[in-house]
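**Student:** Questions regarding the structure given below will be posed in turn.
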Amino acid sequence: GGSVTRVKVGDRVCPIFHQNWLQQGPMPSTAYAVGNTKGIPGTLCEEMLLSEENVVMVPEHLTDAEAATLPCAGVTAWSGIVTEGRMKAGETVLVEGTGGVSIFGLQFAKALGGRVICTSSSNEKLEKAKGLGADQVINYKETPEWGKAAKKMGGADHVIDIGGGGTLKEALAS
């Protein structure tokens, strides 16, 4: 409408993952609870109506597909490594798997001067992770006690744990 000032018709925007985040400042822990998006329609649509405070501009150099990963996977990894993790150069981040959150985590950690250990069940994906900057890799199918293996590699200061209860024991061992 006419009162919108942050964006204009035709701008490429992405919805922010947690609605009203820009007005609230740091996210309270309750914002991460399962189901916190109750009542908000999904984003797998061509058009949707959102308040201007709940969108961010898409950088021109990104495709729509690239930009679509930022509000969830990108922000999740950033939060774990920077906002909550307060990672410093020289620290080690272990990323579980090669999905969106983990690959963002790998790239953020490397950009911040960190060392990265990446796990996967696929040697092919581990080679791709090395190509993206992973310093060391562990195939968790070949090495079920991958936490101990990571510890022998120098251990992890931070873990991007995407496996929850199924991987927590090994993540803590790393």
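Every read-out reported here was derived from the displayed coordinates using simple, explicitly stated rules and does not represent laboratory data. The structure displayed is predicted, hence computed values, not measured ones. Here Cβ is always computed from backbone atoms with ideal geometry, including for glycine, and neighbour counts include all displayed protein chains.
**Student:** How much net charge surrounds Leu112 when only other residues with a Cβ under 13 Å from its Cβ are counted (Lys, Arg +1; Asp, Glu -1)?
**Tutor:** Residues close to Leu112 contribute a combined charge of +2.
**Student:** For Gly114, list long-range residues whose amide hydrogen, built 1.01 Å from N in the peptide plane, is under 5 Å from its own amide hydrogen.
**Tutor:** Those qualifying (amide H under 5 Å, at least 5 residues apart or on another chain) are Gly90.
**Student:** Please list, by residue number, every one of the trypsin sites (Lys or Arg not before Pro) in the range 85-166 that is coil in DSSP and has at most 12 other beta-carbon atoms within 10 Å.
**Tutor:** Details: sites: Arg86, Lys88, Lys110, Arg115, Lys125, Lys128, Lys130, Lys141, Lys148, Lys151, Lys152; in loops: Arg86, Lys88, Lys141.
Taking the range 85-166 and a limit of 12 other Cβ atoms within 10 Å, the loop trypsin sites (Lys or Arg not before Pro) found are Arg86, Lys88, Lys141.
**Student:** Work out how much length Val7 to Ser51 would gain on full extension: take 0.36 nm times their residue separation and subtract the Cα-Cα distance, in nm to one decimal.
**Tutor:** 14.8 nm
**Student:** Could you name the lysines whose alpha carbon sits less than 23 Å from that of Lys152, not counting residues in the same chain fewer than 8 places away?
**Tutor:** Straight-line reach from Lys152, under 23 Å: Lys88, Lys110, Lys125, Lys128, Lys130, Lys141, Lys169.
**Student:** Also: With a 10 Å Cβ neighbour count serving as the proxy for reagent exposure, in which order, fewest first, do Leu172, Leu106 appear?
**Tutor:** Values: Leu172 11, Leu106 26.
In increasing order of surrounding Cβ atoms, one gets Leu172, Leu106.
**Student:** Moving on to the next point. If you stretched the chain out fully between Glu66 and Asn139, how much longer would it get, using 0.36 nm times the residue separation minus the C-alpha to C-alpha distance?
**Tutor:** Values: separation 73, 0.36 × 73 = 26.28 nm, distance 2.73 nm.
Full extension of this stretch gives 23.6 nm more.
**Student:** Let me ask another. Test of understanding: what is the full-extension gain from Lys151 to Leu168, defined as 0.36 nm times their sequence separation minus their Cα-Cα distance?
**Tutor:** The Lys151-Leu168 span can extend by a further 4.7 nm.
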